[in-house]
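The values are calculated or read from the model by the stated rules, or taken from the named source; none is laboratory data. These numbers were taken from a predicted model, which means no experiment stands behind them. Backbone-built Cβ (ideal geometry, glycine too); neighbour counts: all protein chains shown.
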Amino acid sequence: GNDEKVISLDKLTYAGNRQNLASLDDDERHVFVHGDIGDGELVSRLLAEHQPRAILNFAAESHVDRSIHGPEDFIQTNIVGTFRLLEAVRAYWNGLADEPKAAFRFLHVSTDEVYGSLGPNDPAFRESNKYEPNSPYSASKAASDHLVRAYHHTYGLPVLTTNCSNNYGPYHFPEKLIPLVIHNALAGKPLPIYGDGQQVRDWLYVKDHCAAIRRVLEAGQLGETYNVGGWNEKANIDVVHTLCDILDQEQPRTDGRSYREQIT
């Protein structure tokens, strides 16, 4: 319900911004805790104190390029951190009375990157697609997905998994494509494109993603995986062109030229 208390546990890494939650600071339904899912003692203490009916695991290192240059953080958070979280949650869940134990859910938020890459003419990913991760990031998320499902099949933990496409929306960290293009364009900087820009991605508005997560939490079948997409499959170059065209209308360059000229 809308009056339920929400506990936010966040490590506040480079991409975290405490100010994004400032509007909730005076709302007694929200509690912010600065911490790490890999801290099993902290997680266990929070579970005992707040007695949640569900865990939504969004915590992850999530940038492909960063995972290539420094994979260790991705292994620690996405694999080891998920394991520590699962262990703490399993102990908490086993100690619940029958009714809250039956109602409890662990929802693991993952990515379509675990399925590999889509070509221009490939159909959308399905839940039955085999895993083909291509980077340390996607491999670490694939491993965490398998861990979560293993805890369901081995221990009976009531888990759900969602695999989403690329999110966009307010408060997006500017290393991601859409906010990066907007920031660079307005700052007069080059707009970088990987290769020929024909890589296809599906784009999902963050509020639509939240609505889907809520639906899966309320009605999902235990142990199942649910893909969450936006039905907005576009080549990267087309996304950049669209953003440039919108900026040409909303905030034209002072020289009257198109932002497309900044594409490199």
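When the residues of region 15-39 are filtered to those that are within 18 Å of Ser62 (Cβ to Cβ) and of a type in the set (Gly, Ala, Ser), the one that is surrounded by the most Cβ atoms within 10 Å (Cβ to Cβ) is Gly38.
Got a number for residues in region 143-177 being part of a helix (DSSP H, G or I) and either out of contact with any Gly (no Cβ under 9 Å at 6 or more places or on another chain) or of a type in the set (Gly, Ala, Ser) (or both)? Total satisfying the criteria: 11. Only one of the numbered conditions (1) without any contact (Cβ under 8 Å) to a residue 24 or more places away in the chain; (2) loosely packed, with under 15 Cβ neighbours inside 10 Å is violated by Asp248, and that is (2). Filtering Phe83, Phe74 for residues that are assigned to a helix (DSSP H, G or I) and either loosely packed, with under 13 Cβ neighbours inside 10 Å or out of contact with any Lys or Arg (no Cβ under 9 Å at 6 or more places or on another chain) (or both) leaves a single hit, Phe83. Selection over region 198-209 of residues that are in a loop (DSSP other than H, G, I, E, B) and surrounded by 15 or more Cβ atoms within 10 Å (Cβ to Cβ) gives a count of 1. When only residues in region 139-177 that are within 21 Å of Ala211 (Cα to Cα) and β-branched (Val, Ile, Thr) count, which is surrounded by the fewest Cβ atoms within 10 Å (Cβ to Cβ)? Among them, the one singled out is Thr162.
For region 1-52, residues that are closer than 27 Å to Glu87 by Cβ, assigned to a helix (DSSP H, G or I), touching a residue at least 24 places away in the same chain (Cβ under 8 Å) and not hydrophobic (A, V, I, L, M, F, W, C) total 3. When Val80 is tested against (1) under 19 Å from the mean Cα position of the chain (by Cα); (2) at pLDDT 95 or above; (3) within 24 Å of Glu233 (Cβ to Cβ), only condition (3) is not met. Being small (Gly, Ala, Ser), surrounded by fewer than 18 Cβ atoms within 10 Å (Cβ to Cβ) and either in a loop (DSSP other than H, G, I, E, B) or touching a residue at least 24 places away in the same chain (Cβ under 8 Å) (or both) is a property that Ala60 lacks.
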